[in-house]
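Step one of this worksheet: look at the structure below.
The values are calculated or read from the model by the stated rules, or taken from the named source; none is laboratory data. What you are looking at is a predicted structure, and each value in this text was computed from that prediction instead of being measured. Backbone-built Cβ (ideal geometry, glycine too); neighbour counts: all protein chains shown.
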Amino acid sequence: MPQKTILKGLTLDELRQWVVQQGWERFRADQIFSWLYTKRATSFQEMTDIGKAVRQRLGEIADVGLLPVLKTVTSAETGTVKFLLGLRDGNTVECVYIPEKNRRTVCLSSQVGCPLGCTFCATGQMGFRRNLAAWEILEQLLVVERTIGQKLTNVVFMGMGEPFLNYQEVMRAADLISDERGISISHRKIVISTVGIVGSIRRMAEEERPYRLAISLNAADDDTRTQIMPINRRYKIHELLEAAKYYYEKTRRRVTFEYVLIRGVNDRKRDAERLVQLLRGFPCKINLIPYNETVPEYQRPSLEHVERFSRWLRPLPAPIIVRWSRGRDIRAACGQLWSEGMQERTPSPFASSGETSPA
Ligand code: SAH
Ligand code: SF4
């Protein structure tokens, strides 16, 4: 039997082409698109403004593109929910819902695992399995929307994997997330976080992709950065900053530099001084992220020290924000997704699987 076409992940134009190929009228595509992304349909049967015969045929040749939720863990502290989804090849992937006062954010994964092996990162330690397809990325978001029964307001690509090593599928997903005829989350509310793949930063600028760019700098000198981020052997800090500057020149959008603070590794006064040197005169924002303890040899600095480090950066005109990750009690903070659920295969519907871990 020929494989069914997964319709999630096709752009509206592609969907129109496909529909016409099946001998149907073009507007059928608009109906399906709306059902998939606005009404978050989980079956063709639900698409009641489409005639029964067409729905039946759709069921035979096409696939909505659903992924089962294998497990959820809810943080009693913050209401953050971590989802473990089962992929069709037996792999699993995680995404996180982060509720805040004025926004509802989903943290999306772009790969199963990550090949870059940053020494402080849980995902980096589990190795690399494969890239995710755009529909698998979109489905993470739709699973969360279906579960909470509300629209999300913000999207961050800060889950498992390096988005710029899966550039095309990530951009396809981001384009569909911001498509006003569908999910319609503003491109200004979509952040792509990269370790700093120089070619892709330039490519994003050249293609005029409107999403916000965050770069994980995490150190202010090459020795320290190479020690915790092996990718720094390939792209040195000065090359990375050149690409960031090129991005700014081309788009006039400020880059956010993320800096995970790890005790004794990159949180010394001289690190702050170097960072000031490095970023002086460059229009950017800085996010300081106190380390979430996922790898035993690294620790988070104290609250007082985080504040001290932030003060040391004051000579910079850039806004500095300390991001205390949410969902720490369930190891669901962005960038620290963990593979402890990887081997679990017990499907369980959301309602009965929402474990609540103690705060
Ligand atoms: N691969 C991309 C996106 C995923 S990681 C990147 O590296 O940017 C998202 C962010 O989480 C990065 O800034 C990363 O440095 C940070 N991060 C990873 N592990 C973390 C941890 N244990 N605690 C705090 N931040 C972490
Ligand atoms: Fe990969 Fe980002 Fe983790 Fe580094 S920090 S290993 S790039 S997911």
Across segment 274-301, the tally of residues that are within 28 Å of residue 245 (Cα to Cα) and assigned to a loop (DSSP other than H, G, I, E, B) stands at 5
Matching entry among 183, 177 (being crowded, with 23+ Cβ neighbours inside 10 Å, at pLDDT 95 or above and either part of a strand (DSSP E or B) or among the aliphatic types (A, V, I, L, M) (or both)):
177
Name the single residue that is modelled with the highest pLDDT among those in segment 321-341 being crowded, with 18+ Cβ neighbours inside 10 Å and under 16 Å from residue 218 (Cα atoms).
325
Can you give me the number of residues within segment 185-198 that are free of Cβ contacts under 8 Å to residues at least 40 places away in the same chain, of a type outside the set (Lys, Arg) and more than 12 Å from ligand 1 (Cβ to nearest atom)?
4
When you go through 11, 78, 42, 38 one by one, which is the residue that is at pLDDT below 95 and under 21 Å from residue 151 (Cα atoms)?
78
Yes/no for residue 41 being outside the structural domain of residue 113 (by TED's automatic domain parsing), touching a Phe, Trp or Tyr at 6+ places or on another chain (Cβ under 6 Å) and of a type outside the set (Ser, Thr, Tyr)
yes
Going residue by residue through segment 104-114, is there one that turns out to be more than 14 Å from residue 165 (Cβ to Cβ), surrounded by 23 or more Cβ atoms within 10 Å (Cβ to Cβ) and either of a type in the set (Phe, Trp, Tyr) or within 9 Å of ligand 2 (Cβ to nearest atom) (or both)?
no
Residue 204 being within 16 Å of ligand 1 (Cβ to nearest atom), over 23 Å from residue 117 (Cα atoms) and either modelled with pLDDT of 95 or more or over 18 Å from the mean Cα position of the chain (by Cα) (or both)
yes
Residues in segment 143-157: is at least one within 15 Å of ligand 2 (Cβ to nearest atom), touching a strand residue (DSSP E or B) at 6+ places or on another chain (Cβ under 6 Å) and over 20 Å from residue 37 (Cα atoms)?
no
For segment 176-233 the number of residues that are hydroxyl-bearing (Ser, Thr, Tyr) and either more than 16 Å from ligand 2 (Cβ to nearest atom) or over 24 Å from residue 124 (Cα atoms) (or both) is 4
Of the listed residues (239, 304), the one being in a helix (DSSP H, G or I) and over 23 Å from residue 158 (Cα atoms) is 304
Give just the number: which of (1) touching a residue at least 60 places away in the same chain (Cβ under 8 Å); (2) part of a loop (DSSP other than H, G, I, E, B); (3) more than 10 Å from ligand 1 (Cβ to nearest atom) does residue 116 not satisfy?
(3)
Scan segment 121-145 residue by residue and report those that are in contact (Cβ under 8 Å) with a residue 40 or more places away in the chain, surrounded by fewer than 23 Cβ atoms within 10 Å (Cβ to Cβ), part of a loop (DSSP other than H, G, I, E, B) and within 16 Å of ligand 1 (Cβ to nearest atom).
126
